[in-house]
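Derivation of every value follows stated rules applied to the coordinates shown; laboratory data play no part. Everything numeric here is computed off the predicted structure, so don't read it as measured data. Cβ coordinates were reconstructed from backbone atoms using ideal geometry, including for glycine residues, and neighbour counts include every protein chain displayed.
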Amino acid sequence: MLEQGTISIHTENIFPIIKKSLYSDHQIFLRELVSNAVDAIAKLDMVSRSGEYSGEIGEPEIQIAVDKDKKTLSISDNGIGMSADEVKKYINQVAFSSAEEFIQKYKTDSNQAIIGHFGLGFYSSFMVAKQVEIDTFSYKEGEKAVHWTCDGSPAFTLDDSSRTDRGTTITLHLMEEEEEFLEPARIKNLVKTYCDFMPVPIKMDGEVLNKQKAPWRESPNSLNKEDYLEFYKYLYPFEEEPLLWVHLNTDYPFIVNGILYFPKLKPDVEVNKGQIKLFSNQVFVSDNCEEIIPQFLLPMRGVIDSTDIPLNVSRSALQGDRTVRRIGDYIAKKVGDNLKELYRDDREKYVGAWKDLGTFVKFGVLNDEKFKKQVQDIVIFRSTYQEESADTTTVQVPTEEGDAWQDVTPANKLPYTNIKEYLERNKEKHENRVFYCTDEAAQATYVELHKGQGLEVLFMDSFIDTHFISFLEREYTDVKFTRVDSDLDNTLLDQEKDKEIVDPNTNKTRSEQIKELFEKALNKPKLNIRTEALKSDNPQGTPPAMVLLPEILRRLREM
Ligand code: ADP
Ligand code: MG
């Protein structure tokens, strides 16, 4: 059998175009060819399961080999193979026309990087090869092995192959400037990047190059804490252990799998750059998902895998895509659900993680209306409120090793509360006011004064809290948010109903007395001390204002 023909295509010579238009990313040919091999193995499994094929399947595997003398790179699989008719149909007709279509699409978007360069498929081999050969032998009874060859022009040759085992080998005759792909180290690297989680062993020189197992495709019930932590370490070997994770797993109305982790945020780390890896059916697509997930989720890490995300479109087209937006919403909702669940079921863990989680959640509340509705009641603040029972005053945080929880030091031994609980608890006394402190050290005196009055103060001292307070003011229009060091006359003194009663000993009203003491304290140099220091019995070497403070408090309490 020898057949020669022309592939129906309007472009005279496809390979210079393919090469030129995709120049920056030509290494993806390997991903395309290996994923075709994985598909072929999966298809064989399907025909075998359905009973259509009753022959041996053998151990599925993909072999990559280089021949430095012949300057060839080959990818072999023991999958389903192709008959001569199938080569004509799937390679000559379909592939060329889809490649052409792809290039047309790509051209109009030439100033936009295409997210995954998916869709070019088999023909991406012409980005690196001047000639491509296919040797393939179908699983189908009565079919002959076929050999196809093409040099990138629309002319192809189809003839018999000497191949005797089922499956397909694609042989690339590399162009001179692409001989880097003859280096095993280069190939191993590419397999690690693009094919690590493909479910078939990919071998080179007898060595298996890929991990194969994709934990995000497993059922969440089958994974334990160690599995999730191990996977995180695998993805980000130099990172600290994550705080929490969310396993995404849905197939309706779209397919999304993935595991997203909340990392321990380091303040100096740029969080605006996405670090979630995007996969399509376990094939690596991109190192970030910035166009897919809502911006406030960008600090998260991990993996999203969805075949419903269009990949052969520009990044801007992706952002406008309706399904992509819905997937983004789904992910945000799932993250919110998980946080709420943790808040409800394991408050200690939630509070322990809050130091790192808080900024992230607040940012989400400020930036995403739906997320706000979902989680605003689980935004918590450290508070001066002390309850008698021990468990609310004990906060747990992860140990350094991260695998256990420990009680924190007394300095942090303060409970956390949300605004609703705060308002409810202080309904009588506060008259719809929320007192907050933005700088624990500088405002320590004021915090103590409020506490002395039995007023509860919230610590809103992270950088995002400034914005969050404005948000709260808009949300709770009938509540007055008062910083502890502002408006003292109103917050402290007007509070006292009997402030005009004259003290017979000093002949001053109580409010005058308080004011006097307080001003004495304030006239001293600006305090820069910690709350614990204020409480110390023997404030050796401390500024005079601090020595005065216990006295101020004592008198306040006595009134
Ligand atoms: P896609 O994978 O999106 O279908 P490709 O251009 O990558 O597009 O491949 C075109 C077709 O060629 C495949 O759908 C398949 O039918 C066939 N094919 C490619 N590689 C192989 C292979 N290794 N084994 C069997 N069939 C293959
Ligand atoms: Mg393909």
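Miscellaneous remarks
- The modelled label-to-label distance for the pair D251/S162, using points 7 Å beyond Cα in the direction of Cβ, is 4.5 nm.
- FRET efficiency, K89 to E176 (Cβ-Cβ, R0 30 Å, nearest 0.05): 0.35
- nm² value of the averaged projected area, convex hull over the Cα atoms of the stretch 180-252: 6.9 nm²
- In order along the stretch 149-159, the Karplus-derived 3J(HN,Hα) couplings, from 6.51 cos²θ - 1.76 cosθ + 1.60 at θ = phi - 60°, round to 9, 7, 9, x, 8, x, 7, 10, 10, 10, 8 Hz, and Gly and Pro are given as x.
- Other residues lying with their Cβ under 13 Å from the Cβ of L472 contribute a combined charge of +2, Lys and Arg counting +1, Asp and Glu -1.
- ³J(HN,Hα) computed for each position of the stretch 241-250 - Karplus, 6.51 cos²θ - 1.76 cosθ + 1.60, integer Hz, glycine/proline x: 4, x, 7, 8, 8, 10, 9, 8, 6, 9
- Taking amide H atoms as placed 1.01 Å from N in the peptide plane, the amide H of Q275 lies under 5 Å from those of C289, each 5 or more residues away in sequence or on another chain.
- Residues with amide H under 5 Å from that of A129, placed H, sequence gap 5 or more: M175
- Backbone geometry of the stretch 460-473 corresponds, through the Karplus equation with coefficients 6.51, -1.76 and 1.60 at θ = phi - 60°, to 3J(HN,Hα) couplings of 10, 10, 8, 4, 7, 5, 3, 5, 5, 5, 4, 4, 4, 5 Hz, x marking Gly and Pro.
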